[in-house]
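**Q** Can you read through this structure? Questions will come right after.
The values are calculated or read from the model by the stated rules, or taken from the named source; none is laboratory data. Computed from a prediction, not measured in an experiment: that's the story for all the values here. Here the Cβ positions follow ideal geometry from the backbone for every residue, glycine too, while neighbour counts run over all protein chains shown. Ligands, DNA and RNA are excluded from the accessible area calculation, which covers all protein heavy atoms including side chains. Shrake-Rupley method; radii C 1.70, N 1.55, O 1.52, S 1.80 Å.
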Amino acid sequence: MKKHIYIYSPSSAVRDKAAFKRGIGRLTALGYAVEVDEAALSSHLRFAGDDESRLASIHRAANSGADIALISRGGYGLSRILASIDYPLVAKAIGDGTQFVGFSDFTAFQMALLAKTGATSWAGPALGEDFGASAGTDDIMEACFDDLVTGQGEGSGWKLPKTTISLENTYSIENAVLWGGNLTMLASLAGTPFLPAVKGGILFVEDVGEHPYRIERMLVQLLQAGILEQQKAIIFGQFSNYQLTSHDKGYKLASVVGWLRSQVSAKILTGLPFGHVATKVLLPVGLPVTLAVEERDAFLLWGHQH
């Protein structure tokens, strides 16, 4: 039987209909049975329908019985409806085998779900940006997605940048909850009941279109809220599509990382292939994992989930 993928739009309206269509075509070509939510292409202002419509689409996804509930795109809109989502319904769907997958604005949903129920969701692709990319889909992303669908995924690995590594950089952190996602969304949830209180966790962050000083400002917010010092590790994913200026005088993303290392006792890693980029791994948000580092090789390990 074909694996069932349910496509829905809980955030911004789908403007790139061609990418949406390409994404459906690619998933179908990969052998999946694709079901599109009735309001997936709705539009209200900048959103994929009004708040009630987008809320209903989440609940339809939870009731779909699909193997994967995949967002069409990110953008903005989930923050407006966090207080109204039926989290027990979503958690029951996850318990029954539906995996909720997405990133960007979807981070708000993932954090609220974790805070309210402890249920695991997956940081991963979106339909349009990833499966509908005009340049074609990324092989690593597709392989990681297939691992999730088939229950074969056991972890992800990457090479740490040479400049930050010493030859004695070998350690492991075990049984630590992996959480995080889009940094803007994480910072926006600080002080609300929708940001989970994770202690001794592994926090991963990514963002797009944010200058390093803005990235630092959001990290300062999480630091001063007492969140960063409670983590065992902080992993930087990809921070893309920003531009440095002459005013920076050498200040760059590496400056932010260096400053953060001076502020917290947590291990700080960079280079995780996740974010608003084509090559992205899938990560279990809310699941206890092992972080293993040996010189330049880093691994996040979680074992079989099905």
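**Q** Using only Cα atoms, tell me the angle between helix 51-62 and the longest principal axis of the chain; keep it within 0 to 90° and round to the nearest 10.
**A** Rounded to the nearest ten degrees, it is 90.
**Q** Can you work out the accessible area per residue across region 242-306, with the rest of the protein chains kept in place, probe 1.4 Å, in square angstrom?
**A** Averaged over the residues of region 242-306, the accessible area is 48 Å².
**Q** Sticking with this one: Amide H neighbours of residue 3 under 5 Å, counting only residues 5+ apart in sequence or on other chains, H built in-plane at 1.01 Å?
**A** For residue 3, whose amide H was placed from the backbone, the distant partners under 5 Å are 33.
**Q** What value in Å³ per residue do you get for the convex hull of the alpha-carbon atoms in the chain?
**A** 130 Å³
**Q** Could I ask something else about it? So for region 21-144, what are the equivalent ellipsoid semi-axes in whole Å, largest first, each being the square root of 5 times an eigenvalue of the Cα gyration tensor?
**A** Working through the eigenvalues yields semi-axes of 22, 17, 14 Å.
**Q** Of 162/232; 249/280; 2/116; 159/249; 162/280; 3/116, which sit over 24 Å apart, Cα to Cα?
**A** Check vs 24 Å cut-off fails for 249/280; 2/116; 159/249; 3/116.
**Q** To the nearest 10 degrees, how steep is helix 139-150 against the longest Cα principal axis of the chain, on a 0 to 90 scale?
**A** In the chain, helix 139-150 runs at an angle near 60 degrees to the longest axis.
**Q** So, one more: Enter the angle in degrees (range 0 to 90, nearest 10) between the Cα long axis of helix 106-117 and the first principal axis of the Cα atoms of the chain, meaning the one along which they spread out most.
**A** Computed tilt is about 90 degrees.
**Q** Largest first and in whole Å, what are the equivalent-ellipsoid semi-axes of region 147-306 based on the Cα gyration tensor, each being the root of 5 times an eigenvalue?
**A** Over the Cα atoms of region 147-306, the semi-axes work out to 24, 19, 16 Å.
**Q** Projected onto the charge dipole of the chain (+1 at Lys/Arg Cβ, -1 at Asp/Glu Cβ, origin at the Cα centre), which of 23, 239, 53 gives the Cα projection farthest towards the positive end?
**A** Going by the Cα projections, it comes out as 239.
**Q** Per Stokes-Einstein, at 37 °C and 0.692 mPa s, what whole-number D in µm² s⁻¹ belongs to region 120-171, with the Kirkwood radius over Cα pairs as the hydrodynamic radius?
**A** D, rounded to a whole number, is 240 µm²/s.
**Q** Still on this structure: Have a look at 30, 78, 269 and tell me which one the Gaussian network model of the chain (Cα, springs below 10 Å) gives the largest fluctuation.
**A** Comparing 30, 78, 269 in a Gaussian network model of the chain, the most mobile one is 30.
**Q** Now, a different point. May I ask you to give the percent of accessible area on region 123-278 that is carbon plus sulfur, with a probe radius of 1.4 Å?
**A** Here it works out to 50 percent.
**Q** How big is the Kirkwood radius of region 1-68, worked out from every pair of different alpha carbons and given in Å to one decimal?
**A** 12.4 Å
**Q** Divide by every residue of the chain the summed helix terms, -39500 (n - 2.57) for each DSSP H run of at least 4, and state the resulting mean residue ellipticity at 222 nm, rounded to the nearest 500 deg cm²/dmol.
**A** -8500 deg cm²/dmol
**Q** Quick check: from the Cα gyration tensor, does region 142-191 come out rounded (a/c under 1.5), prolate or oblate?
**A** oblate
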